[in-house]
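Participant: Here it is, the structure in full.
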Amino acid sequence: MSRSAHPAGPRHADVLPEGHYSAPPADLNALDPKVWSHTVSRTEDGVVTVGGLEVTALAEEFGTPAYFLDESDFRERARAWRTAFGHDADVFYAGKAFLSRAVVRWLYEEGLNLDVCSGGELATALSAGMPADRIAFHGNNKSVHEIRTAVEAGVGRIVLDSFQEIVRVAHIAQSLGKRQRVQIRVTVGVEAHTHEFIATAHEDQKFGIALADGQAAEAVRRTLALDALELVGIHSHIGSQIFDMAGFEVAARRVVALLAAVRDEHGVELPEIDLGGGLGIAYTSDDDPREPHEIAKALSEIVTRECEAARLSTPRISVEPGRAIVGPTAFTLYEVGTVKPLDGLRTYVSVDGGMSDNIRTALYDAEYSVALVSRTSDAEPMLVRVVGKHCESGDIVVKDAFLPADLAPGDLIAVPATGAYCRSMASNYNHALRPPVVAVKDGAARVIVRRETEEDLLRLDVG
Ligand code: LLP
């Protein structure tokens, strides 16, 4: 992950510490469109705007820290996936990346389906009016209550993750007098090039049923034998924040090989294959993500080719992007509280949030960018570490980045590409109040998830 050390260095240090940084950008005031949402720009006065609204005014109205979600950008990205995959495929947005009722409505309007992985996500989807048959229900240990709710609601598919679950879902469907459409999640044995905690298709992890030792074929056998289940396809998800298409291609090949084996053994051609989510996004200017149309082309070519070779009719493909849709559409706005230069090391910039609103840096060593957004500055670049206000030193939001050396308390800084897995993984650590999500579009801003209050915290504390 580590990149080359910067040759020039911050002005307060003679020797540069080890780090994940490259040279400071030529222009610290520039906003790289790779990492910022589409409607972000700067006014002539230097204030950053999103959806036509100045961040200074947004901070005034909604407070900091806060996530600002660019609705037009979200819709554009959702539409780009939908268009790229066309009518012969389905796009299931992975709600774990970020889910709220407004988002569910946008997805519905843009023609996407939804992947949920808990009773809470299912409840959110249903309460916002997503038709149940457009919902897929995932998870390696769905509770009986969750399965019952999903079957009763009539979800389009349940993705089976274990032998126990095959029987469990069948029993519940039978008791409700229903036949449930299901897919089987298989582990294809691919080592995805990403952080260990977000790689999911190698054998030694908790998800899915292994292809390699015949377990997946056995799961198909057992599922086909149960009248209460309608097996519609095979599912594979290899991991997250992946740039290399090779893993998806191997997965597609192995899943198609299973379809062929199922046809040979049972005389049934399963009509669907789901290749999961996992496409990487740009967190820094060094990342080069693939566009949805490139991904759609690569996946459909490989599936078509493999199916032709196996003389199978091409199944309906589905994918489950989460991060690639919502990730780039939001930034987190913070106010700088303290600026602490550590001679010979770097400058620590403390903001009013931290690991409670973005755990990804601490958990995955994730890299982020950061910019001064309430004004421009001609000051020299200084090497900074943006840290939160929590009581531990691992509370880091941006590990290594450059900000202008005149940065001062009261300045607003923003961390882009925080739409995915930030609010959805936010916590109340140190009794922090989780920030709001504010949707911005065409000069209007509205809260779609409100800021937590101390009353919210105390309401749960019933002792
Ligand atoms: N489908 C399934 C079955 C999944 O498990 C996931 C993500 C997705 C789709 C969506 O993956 P995406 O397109 O968003 O990469 N918290 C981690 C990511 C965990 C991903 C879990 N599953 C992070 O912050 O990087």
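The values are calculated or read from the model by the stated rules, or taken from the named source; none is laboratory data. The structure presented is a predicted model; accordingly, all values stated were derived computationally and were not measured. A quick note on method: Cβ atoms are made from the backbone with ideal geometry, for glycine too, and the neighbour counts reach across all protein chains shown. For accessibility, only protein heavy atoms count, side chains too; no ligands or nucleic acids. Shrake-Rupley method; radii C 1.70, N 1.55, O 1.52, S 1.80 Å.
Participant: Could you list all residues from segment 118-138 that are in contact with a strand residue (DSSP E or B) (Cβ under 8 Å, 6 or more places away or on another chain) and farther than 19 Å from residue 106 by Cβ?
Facilitator: Correct list: 137, 138.
Participant: Is segment 332-348 home to any residue that is within 27 Å of residue 79 (Cα to Cα) and open to solvent by less than 10 Å² (accessible area, probe 1.4 Å)? Please lay out each step first, then the result.
Facilitator: Pass one, segment 332-348, residues within 27 Å of residue 79 (Cα to Cα): 332-333.
If we keep only those that are open to solvent by less than 10 Å² (accessible area, probe 1.4 Å) too, we end up with 332-333.
The answer is yes, given that some residue of segment 332-348 is within 27 Å of residue 79 (Cα to Cα) and open to solvent by less than 10 Å² (accessible area, probe 1.4 Å).
Participant: So, one more: Keeping to segment 268-291, report how many residues are buried (at least 16 other Cβ atoms within 10 Å of the Cβ), out of contact with any Leu (no Cβ under 8 Å at 6 or more places or on another chain) and in a loop (DSSP other than H, G, I, E, B).
Facilitator: Residues that pass the stated criteria total 9.
Participant: OK, next. For residues that are buried (at least 24 other Cβ atoms within 10 Å of the Cβ) and hydrophobic (A, V, I, L, M, F, W, C), scanning just segment 82-105, find the one that is farthest from the ligand (Cβ to nearest atom). Spell out how you get there, then give the answer.
Facilitator: The initial filter retains those residues of segment 82-105 that are buried (at least 24 other Cβ atoms within 10 Å of the Cβ), namely 91-95, 97-99, 103-104.
Subsequent filtering for residues that are hydrophobic (A, V, I, L, M, F, W, C) retains 91-92, 94, 97-99, 103-104.
Working: 91: 11, 92: 8, 94: 3, 97: 5, 98: 9, 99: 12, 103: 13, 104: 16 Å.
Per the criteria, the residue is 104.
Participant: Moving on. Between 265, 301, which is farther than 25 Å from residue 182 by Cβ and part of a helix (DSSP H, G or I)?
Facilitator: Working: 265 fails: farther than 25 Å from residue 182 by Cβ.
From the options 265, 301, the qualifying one is 301.
Participant: With the requirement that a residue be open to solvent by 30 Å² or more (accessible area, probe 1.4 Å), more than 18 Å from residue 404 (Cα to Cα) and part of a loop (DSSP other than H, G, I, E, B), what does segment 21-68 give you?
Facilitator: Of everything in segment 21-68, those that are open to solvent by 30 Å² or more (accessible area, probe 1.4 Å), more than 18 Å from residue 404 (Cα to Cα) and part of a loop (DSSP other than H, G, I, E, B) turn out to be 33, 34, 38, 39, 43, 44, 52, 64.
Participant: Of (1) more than 16 Å from the ligand (Cβ to nearest atom); (2) open to solvent by less than 30 Å² (accessible area, probe 1.4 Å), residue 329 satisfies all except one. Which?
Facilitator: (1)
Participant: Related question: Out of segment 360-374, which residues are open to solvent by 20 Å² or more (accessible area, probe 1.4 Å) and of a type in the set (Ser, Thr, Tyr)?
Facilitator: 364, 369, 374
Participant: Show the residue pairs meeting these rules: Cβ distance below 8 Å; 6+ apart or different chains; first residue within segment 54-81 and free of Cβ contacts under 8 Å to residues at least 24 places away in the same chain; second residue outside any helix (DSSP H, G or I) and surrounded by fewer than 20 Cβ atoms within 10 Å (Cβ to Cβ).
Facilitator: 54/43; 54/47
Participant: Assess whether residue 366 counts as being out of contact with any Pro (no Cβ under 9 Å at 6 or more places or on another chain), in contact (Cβ under 8 Å) with a residue 40 or more places away in the chain, within 16 Å of the ligand (Cβ to nearest atom) and over 21 Å from residue 100 (Cβ atoms). Full working, then the answer.
Facilitator: On the way: out of contact with any Pro (no Cβ under 9 Å at 6 or more places or on another chain): yes; in contact (Cβ under 8 Å) with a residue 40 or more places away in the chain: yes; within 16 Å of the ligand (Cβ to nearest atom): yes; over 21 Å from residue 100 (Cβ atoms): yes.
Spelling it out, residue 366 is indeed out of contact with any Pro (no Cβ under 9 Å at 6 or more places or on another chain), in contact (Cβ under 8 Å) with a residue 40 or more places away in the chain, within 16 Å of the ligand (Cβ to nearest atom) and over 21 Å from residue 100 (Cβ atoms).
Participant: Okay, next question. Against the condition more than 16 Å from the ligand (Cβ to nearest atom), under 19 Å from residue 438 (Cβ atoms), of a type in the set (A, V, I, L, M) and open to solvent by 20 Å² or more (accessible area, probe 1.4 Å), how does residue 126 come out, does it pass?
Facilitator: Details: more than 16 Å from the ligand (Cβ to nearest atom): yes; under 19 Å from residue 438 (Cβ atoms): no; of a type in the set (A, V, I, L, M): yes; open to solvent by 20 Å² or more (accessible area, probe 1.4 Å): yes.
No, not satisfied.
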